[in-house]
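Colleague: Next up is a structure, given as structure tokens.
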Amino acid sequence: MKNELASPVQTSAILKKYGLRAKKRLGQNFLIDKNILHKIVDYANIGRDDFVLEIGPGIGTMTQLLAQKAAEVAAVEIDDRMVEVMKETLDGYQNVRVIHGDFLQLDLTELMRSYKKEGHRKYHIVGNLPYYISTPILWRLIENREQADTILIMLQKEVARRITAEPGGKEYGSLSIAVQYYMETEILEEISHNAFLPTPEVDSALMRLAPRKEPVVKVKDEKLFFELIRCSFAQRRKTIFNNLKNSRVLGDKDNWDIRMILTESNIDRQRRAETISIEEFGILADHTVDLLTN
Ligand code: SAM
């Protein structure tokens, strides 16, 4: 079966046929560039025994190609109008199951379990994400990272740059740390807004996330580690000392204690959070645990 949907003419024709307009509030920007579509599917590196979960299939453009590569595909789409369209565009693709629902509400563990992991089967999660919820989707992917072998997602270029950012720049922040802590991150391609219909205001990036077997640093208390990071970035232009001083993360500890844990962690108190690496935050979090438990 050949792919016919990834072009402006075909996508417009199918929307017209069903009397549909793309909904901005659902982040509906359909991929209309064949070359990019093929690149994405090639990057996904799907084997014949593999299972693919697609987030937001839309009219089924990428789903068709995924189904040609994988053993089984499940595609989760919130818009009932798109589910109707896919009855036509995915007709004949016996290995695809379209799930009508909200990806954020989906029980991923249950779904993955229903697709038995046998032999060399890999689980891939692929999606041209609806950008209005790309951050909550990322959190869900982090929470469920053990469910997937590979994750390939398209999202706003700015968000992708924030995710992969290193310390020292404006893009580095709690999102970079949270994702990098659990996953290896890589921007594969930056993609022009012209590859989508309707044309979005922002450019996109294709990213690969590979769940790590172990987090990038070992910390004594993960909850405190993330709380400390959140407080350290509360006001980006302030020093880490001032941000911690103004937060409740250290309970009733005073400035003396904050200075002490910063010194013990070898972090100058004049530094801003955006210059502090994940490893340094790990050390700081462990010294904080020691302080709070002594
Ligand atoms: N995969 C298609 C493509 O590349 O042409 C469509 C991508 S479009 C950027 C995002 C899709 O996600 C839309 O079809 C939209 O209806 C769907 N969507 C939006 N919110 C969703 C949610 N919470 N759960 C599942 N799908 C959602």
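Colleague: Only one residue in Val159, Val98 is among the aliphatic types (A, V, I, L, M) and within 12 Å of the chain's Cα centre (by Cα). Which one? Lay out the reasoning, then the answer.
Modeller: Numbers: Val98 fails: within 12 Å of the chain's Cα centre (by Cα).
Only one candidate qualifies: Val159.
Colleague: Can you say whether Gly19 is modelled with pLDDT under 95 and more than 8 Å from the ligand (Cβ to nearest atom), as far as the supplied structure shows?
Modeller: Working: modelled with pLDDT under 95: no; more than 8 Å from the ligand (Cβ to nearest atom): yes.
The answer is no for Gly19.
Colleague: Among (1) open to solvent by 40 Å² or more (accessible area, probe 1.4 Å); (2) touching a residue at least 40 places away in the same chain (Cβ under 8 Å); (3) within 16 Å of the ligand (Cβ to nearest atom), which single condition is Asp149 missing?
Modeller: Exception for Asp149: condition (3).
Colleague: If you take the residues in segment 247-288 that are in contact with a helix residue (DSSP H, G or I) (Cβ under 6 Å, 6 or more places away or on another chain) and closer than 14 Å to Glu222 by Cα, which one is most open to solvent (accessible area, probe 1.4 Å)?
Modeller: If we take residues in segment 247-288 being in contact with a helix residue (DSSP H, G or I) (Cβ under 6 Å, 6 or more places away or on another chain) and closer than 14 Å to Glu222 by Cα, then His287 is most open to solvent (accessible area, probe 1.4 Å).
Colleague: Moving to a separate point now. What number of residues within segment 34-65 are more than 10 Å from the ligand (Cβ to nearest atom) and touching a residue at least 12 places away in the same chain (Cβ under 8 Å)? Don't jump to the end; show me each part of the working.
Modeller: Taking segment 34-65 as the starting set, the residues that turn out to be more than 10 Å from the ligand (Cβ to nearest atom) are 34-35, 38-39, 41-53, 64-65.
Those left that are additionally touching a residue at least 12 places away in the same chain (Cβ under 8 Å): 34, 38-39, 41, 43-53, 64-65.
Of the residues in that region, 17 qualify.
Colleague: Which condition number does Arg113 fail, the rest of (1) part of a helix (DSSP H, G or I); (2) in contact with a Pro (Cβ under 8 Å, 6 or more places away or on another chain) being met?
Modeller: In the conditions (1) part of a helix (DSSP H, G or I); (2) in contact with a Pro (Cβ under 8 Å, 6 or more places away or on another chain), Arg113 misses (2) alone.
Colleague: Next question, about the same structure. Given the conditions (1) closer than 22 Å to Ile229 by Cβ; (2) open to solvent by less than 50 Å² (accessible area, probe 1.4 Å); (3) within 16 Å of the ligand (Cβ to nearest atom); (4) not hydrophobic (A, V, I, L, M, F, W, C), which single one is not true for Ser176?
Modeller: Condition not satisfied by Ser176: (3).
Colleague: Residues in segment 197-216: is at least one open to solvent by 80 Å² or more (accessible area, probe 1.4 Å) and over 30 Å from Pro130 (Cα atoms)? Let's see the steps before the verdict.
Modeller: Step one: of segment 197-216, the residues open to solvent by 80 Å² or more (accessible area, probe 1.4 Å) are 199, 201, 213-214.
Restricting the remaining residues to those that are over 30 Å from Pro130 (Cα atoms) gives none.
Within segment 197-216 (the criterion being open to solvent by 80 Å² or more (accessible area, probe 1.4 Å) and over 30 Å from Pro130 (Cα atoms)), the answer is no, since none of the residues qualifies.
Colleague: Would you pick out the residues in segment 1-12 that are over 19 Å from Gly92 (Cβ atoms) and either touching an Asp or Glu at 6+ places or on another chain (Cβ under 6 Å) or free of Cβ contacts under 8 Å to residues at least 60 places away in the same chain (or both)?
Modeller: Of all residues in segment 1-12, those over 19 Å from Gly92 (Cβ atoms) come to 7-9, 11-12.
Answer for segment 1-12, where residues must be over 19 Å from Gly92 (Cβ atoms) and either touching an Asp or Glu at 6+ places or on another chain (Cβ under 6 Å) or free of Cβ contacts under 8 Å to residues at least 60 places away in the same chain (or both): Ser7, Val9.
Colleague: Please determine, by comparing only the residues of segment 97-118 that are more than 10 Å from the ligand (Cβ to nearest atom) and aliphatic (A, V, I, L, M), which one is most open to solvent (accessible area, probe 1.4 Å).
Modeller: Step one: filter segment 97-118 for residues more than 10 Å from the ligand (Cβ to nearest atom), giving 97-98, 107-118.
Narrowing the set further to residues that are aliphatic (A, V, I, L, M) leaves 98, 108, 111-112.
Working: Val98: 51, Leu108: 3, Leu111: 12, Met112: 3 Å².
Checking each candidate, the answer is Val98.
Colleague: Every residue in segment 77-96 that is within 14 Å of the ligand (Cβ to nearest atom) and within 14 Å of Phe51 (Cα to Cα), please.
Modeller: Answer for segment 77-96, where residues must be within 14 Å of the ligand (Cβ to nearest atom) and within 14 Å of Phe51 (Cα to Cα): just Val96.
Colleague: Of the conditions (1) more than 30 Å from Lys39 (Cβ to Cβ); (2) in the same structural domain as Gly127 (by TED's automatic domain parsing), Met207 clears all except one; give me its number.
Modeller: Of the numbered conditions (1) more than 30 Å from Lys39 (Cβ to Cβ); (2) in the same structural domain as Gly127 (by TED's automatic domain parsing), the odd one out for Met207 is (1).
The values are calculated or read from the model by the stated rules, or taken from the named source; none is laboratory data. Bear in mind that the values here come from a model prediction, so they are computed numbers and not experimental data. Note that we place each Cβ from the backbone using ideal geometry, even for glycine, and neighbour counts take in every protein chain shown. The area values use the complete protein model at the heavy-atom level, side chains included, leaving out ligands, DNA and RNA. Shrake-Rupley method; radii C 1.70, N 1.55, O 1.52, S 1.80 Å.
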